[in-house]
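Undergrad: Got a structure for you, questions after.
The values are calculated or read from the model by the stated rules, or taken from the named source; none is laboratory data. Bear in mind the structure is a predicted one, so any value in this text is a computation, not a measurement. Positions of Cβ are generated from backbone atoms using ideal geometry, with glycine treated the same way; all protein chains shown enter the neighbour counts.
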Amino acid sequence: MAQHRGGYRDLKDHLRVVKRNWGLFSVTILIYYKLKDMLREIFKIHFCFSQTSFTLSWASYLLARHPHIQQQIYTEVTTTLGPGAVATADDVSRLPLIRGLVKETLRLFPVLPGNGRITQDDLVVGGYFIPKGTQLALCHYSTSFDEENFHDSLNFQPSRWIRKDSTDRVDNFGSIPFGYGIRSCIGKRIAELEMHLALTRLIQKFHICVSPLTSEVKSKTHGLLCPADPINLQFIDREN
Ligand code: HEM
């Protein structure tokens, strides 16, 4: 399943072997299929950047709806970075509430609400026999709201992701917005960093408020989990 991640060198070797054994026509067909693979990956990456922007919209919306949490995060950012400093990747580990904000936003609004796998072996899960080759649909949108996984699950609480001490584990398989395992999101790190830095800057510069044009915004699925209505917000300059 993970073979398409092979590099350019693999591809060149592959083409050489095919040409030697099967002639130029086969090489053309192979290139066609490889190009299709590459285009699919480029499409996925393009598609994935809209996931980052949806998540940033939801995070801004949640901050606007919860001004006291926005204030807590603002306090964390200003006391950690000092007035006006622009955060870099090295600062993110010192901003646990910013990281909690992204995790909590993706728990409540996972842009990809479900995921799928085809089983490679016979399995027994929770007493159910699942034969090899079964297509499984996994809905982590629903496990994100399961009280067994998250206490007070309907509430927006970025602080739930903060470790109390070094033995505390806040990883929770109830929420896996980037998937898991060999085919999990390869853009996770870059997407998280982009969102951490963008939200830090937004919170430093603006009070984010709900505009009178927006009442409660629900989500709806179009493949991706999108806002069902436009999110209208006000960004009011902070005096710093
Ligand atoms: C909020 C942002 C994002 C979310 C929530 C997200 C989520 C996901 C999920 C759930 C998958 C499927 C994982 C699985 O099947 O286990 C995936 C796959 C993928 N993502 Fe993302 N993604 C995001 C941003 C990005 C970005 C920015 C990039 C590119 C730079 C990217 C590149 C990819 C690629 C190439 C795959 C396919 C991996 C494979 O099939 O092996 N993603 N993503």
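Undergrad: Take segment 171-185 and flag every residue that is within 20 Å of residue 153 (Cα to Cα) and more than 6 Å from the ligand (Cβ to nearest atom).
TA: 171, 172, 173, 174, 175, 176
Undergrad: Could you list all residues from segment 201-223 that are within 16 Å of the ligand (Cβ to nearest atom) and touching a Pro at 6+ places or on another chain (Cβ under 8 Å)?
TA: 219, 221
Undergrad: Out of 191, 198, which single residue is within 16 Å of the ligand (Cβ to nearest atom), at pLDDT 95 or above, out of contact with any Lys or Arg (no Cβ under 6 Å at 6 or more places or on another chain) and farther than 30 Å from residue 120 by Cα?
TA: 198
Undergrad: Shifting gears a bit: Pairs, please: C-beta under 7 Å, at least 6 apart or cross-chain, first residue in contact (Cβ under 8 Å) with a residue 12 or more places away in the chain and in segment 112-133, second away from the ligand (no atom under 14 Å from the Cβ) and of a type in the set (Lys, Arg)?
TA: Taking only residues 6 or more apart or on different chains, the pairs are 119/132; 120/132.
Undergrad: Then there is this: Six or more apart or on different chains, Cβ atoms under 8 Å: show the pairs whose first residue is in segment 61-79 and at negative phi and whose second is small (Gly, Ala, Ser) and in a helix (DSSP H, G or I).
TA: Note: pairs meeting the criteria are 70/64; 72/159.
Undergrad: When segment 105-146 is examined, which residues are found to be more than 13 Å from the ligand (Cβ to nearest atom), surrounded by 14 or more Cβ atoms within 10 Å (Cβ to Cβ) and either aromatic (Phe, Trp, Tyr) or in a helix (DSSP H, G or I) (or both)?
TA: Within segment 105-146, 143, 145 meet the criteria.
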